[in-house]
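The values are calculated or read from the model by the stated rules, or taken from the named source; none is laboratory data. Quantities reported herein were computed from a predicted structural model and do not represent experimental measurements. Cβ sites come from the backbone with ideal geometry, for glycine too, and all protein chains shown count toward neighbours.
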Amino acid sequence: MGLKPDHWIRKMALEAGMIEPFAENQARQGVISYGVSSYGYDMRIADEFKIFTNTHAATVDPKDFDPRWMVDFRGDICTIPPNSFAVGRSVEYFRIPRGVLTLCVGKSTYARCGIIVNITPFEPEWEGYVTMEISNTGPLPARIYANEGIAQVVFFEGDEPCEISYADKKGKYQKQGSIVLPKL
């Protein structure tokens with residue numbers, strides 16, 4: 001299994017629609033960077049958020065998640081309360097090839113502010129907008145800037161395609177069109 005370089009990412013995005021919309025170069029001036037990097041792609045966060053509120057819950061349960069725990073917000077700047085989190089989605093729609101797996105990590109600009117971005121791997125043949133969790137681990141409110149970089153996706157290609165892909169399993173988060181909360 002090997003890392004995939006920028007020229008492979010460009011080719012797959014432009015010819016196979018792997019990333020749409022696709023920023024062929026890394027945008028940096030005055031924004032938190034996004035676009036193609038050496039071995040990955042810095043994706044952006046859209047202007048749609050669900051901000052956690054604990055007014056209806058004593059315990060958060062992924063097997064019994066109540067949407068009332070989240071407050072919908074749309075805007076250019078999302079403020080996450082101290083020691084809380086928000087859920088957002090990517091600007092980009094991804095279509096992962098059968099022989100590829102991705103890992104995602106938050107951008108260092110946010111990490112240096114105590115903001116942690118959690119995204120699970122994109123499995124082979126998964127597609128959709130990426131739902132991501134953004135935690136504010138600090139004691140003060142934290143800002144997230146919509147339509148700017150939030151996390152880097154690193155692409156790994158297997159020596160051969162997998163036997164059973166996410167599409168084959170009919171995964172529950174396949175073809176997400178918006179922010180999707182936990183489900184069984």
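Testing Val180 on (1) more than 12 Å from the chain's Cα centre (by Cα); (2) within 20 Å of Ser84 (Cβ to Cβ); (3) not charged (D, E, K, R), one condition comes back false. Which one is that?
(1)
Can you tell me which residues in region 148-183 are in contact (Cβ under 8 Å) with a residue 60 or more places away in the chain and among the polar types (S, T, N, Q)?
Gln152, Ser165, Gln176, Ser178 - these are the residues of region 148-183 that are in contact (Cβ under 8 Å) with a residue 60 or more places away in the chain and among the polar types (S, T, N, Q).
When you go through (1) without any contact (Cβ under 8 Å) to a residue 60 or more places away in the chain; (2) within 21 Å of Arg44 (Cα to Cα) one by one for Gly138, which number turns out not to apply?
(2)
Would you confirm, using the coordinates I've provided, whether Cys162 is modelled with pLDDT under 95, hydrophobic (A, V, I, L, M, F, W, C) and either closer than 22 Å to Arg44 by Cβ or more than 10 Å from the chain's Cα centre (by Cα) (or both)? Reasoning before the result, please.
On the way: modelled with pLDDT under 95: yes; hydrophobic (A, V, I, L, M, F, W, C): yes; either closer than 22 Å to Arg44 by Cβ or more than 10 Å from the chain's Cα centre (by Cα) (or both): yes.
Criteria met by Cys162.
Is there any pair linking a residue in region 51-79 that is among the aromatic types (Phe, Trp, Tyr) to one that is surrounded by 10 or more Cβ atoms within 10 Å (Cβ to Cβ) and in a strand (DSSP E or B), with Cβ under 7 Å and at least six apart or on different chains, and which?
Note: pairs meeting the criteria are Phe52/Met70; Phe52/Ser84; Phe52/Phe85; Phe52/Ala86; Trp69/Phe52; Phe73/Phe49; Phe73/Ile51.
Say we look at region 32-61 and pick out the residues that are of a type in the set (Ser, Thr, Tyr) and part of a loop (DSSP other than H, G, I, E, B); which of these is modelled with the lowest pLDDT?
Among residues in region 32-61 that are of a type in the set (Ser, Thr, Tyr) and part of a loop (DSSP other than H, G, I, E, B), the one modelled with the lowest pLDDT is Thr55.
Quick one: count up the residues across region 18-50 that are among the charged types (D, E, K, R), in contact (Cβ under 8 Å) with a residue 40 or more places away in the chain and out of contact with any Asp or Glu (no Cβ under 7 Å at 6 or more places or on another chain).
Taking region 18-50 first, the residues among the charged types (D, E, K, R) are 20, 24, 28, 42, 44, 47-48, 50.
This time we only want the ones that are in contact (Cβ under 8 Å) with a residue 40 or more places away in the chain, so: 20, 42, 44, 47-48, 50.
Narrowing the set further to residues that are out of contact with any Asp or Glu (no Cβ under 7 Å at 6 or more places or on another chain) leaves 42, 48.
Selection size over region 18-50: 2.
Are there strands (runs of 3 or more DSSP E) fully within region 120-184 with at least 1 residues that are loosely packed, with under 14 Cβ neighbours inside 10 Å? List them.
Numbers: elements: 127-136, 142-145, 149-157.
Because the criterion is at least 1 residues that are loosely packed, with under 14 Cβ neighbours inside 10 Å, the strands (runs of 3 or more DSSP E) in region 120-184 that meet it are 142-145.
I'm trying to understand the selection: among the residues of region 36-60, which are of a type outside the set (Asp, Glu), touching a strand residue (DSSP E or B) at 6+ places or on another chain (Cβ under 6 Å), crowded, with 19+ Cβ neighbours inside 10 Å and within 17 Å of Leu103 (Cα to Cα)?
Those that are of a type outside the set (Asp, Glu), touching a strand residue (DSSP E or B) at 6+ places or on another chain (Cβ under 6 Å), crowded, with 19+ Cβ neighbours inside 10 Å and within 17 Å of Leu103 (Cα to Cα): Gly40, Tyr41, Met43, Arg44, Ile45.
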